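The values are calculated or read from the model by the stated rules, or taken from the named source; none is laboratory data. Quantities reported herein were computed from a predicted structural model and do not represent experimental measurements. Note that we place each Cβ from the backbone using ideal geometry, even for glycine, and neighbour counts take in every protein chain shown.
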Amino acid sequence: MQSRIGAALSLYTFAVLGLLLFVAPWTLVWTQATYTLLPERLGRWVLTGWVRGIVSGLGALDLVIALQVGAEMWRRMRRDQQPRDDNDAGTSER
């Protein structure tokens, strides 16, 4: 049960963080926060396309990881729901 909770928590974390990192660099909030919170020289650097692309790439990577974690959770849930056959214990009857 604990592994399911941990997997669900990591799925949620990777998905939310990935979506935020993927979208945020291209929003007006990114631009405004850059101008107000960072020194001018660093702010110009953060607003360049390649820095935004790197941040979005990290977000895309997080989304891929979230998909992998979700797929693994799905496989485990499907496997746990299947009835187990006691005759598959390695002994065959003739």
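Per-structure values
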item: Test result for residue 78, without any contact (Cβ under 8 Å) to a residue 60 or more places away in the chain, surrounded by fewer than 14 Cβ atoms within 10 Å (Cβ to Cβ) and in a helix (DSSP H, G or I); result: yes
item: Restricting region 65-75 to residues that are surrounded by 12 or more Cβ atoms within 10 Å (Cβ to Cβ) and aliphatic (A, V, I, L, M), the residue that is farthest from residue 20 (Cα to Cα); result: 73
item: Test: residue in region 17-37 that is within 25 Å of residue 78 (Cβ to Cβ) and either surrounded by 12 or more Cβ atoms within 10 Å (Cβ to Cβ) or in contact with a helix residue (DSSP H, G or I) (Cβ under 6 Å, 6 or more places away or on another chain) (or both); result: yes
item: Selection status of residue 41, loosely packed, with under 15 Cβ neighbours inside 10 Å and not in a loop (DSSP other than H, G, I, E, B); result: yes
item: Residue selected from region 27-38 under the condition closer than 30 Å to residue 11 by Cβ and in a helix (DSSP H, G or I), by the criterion modelled with the lowest pLDDT; result: 33
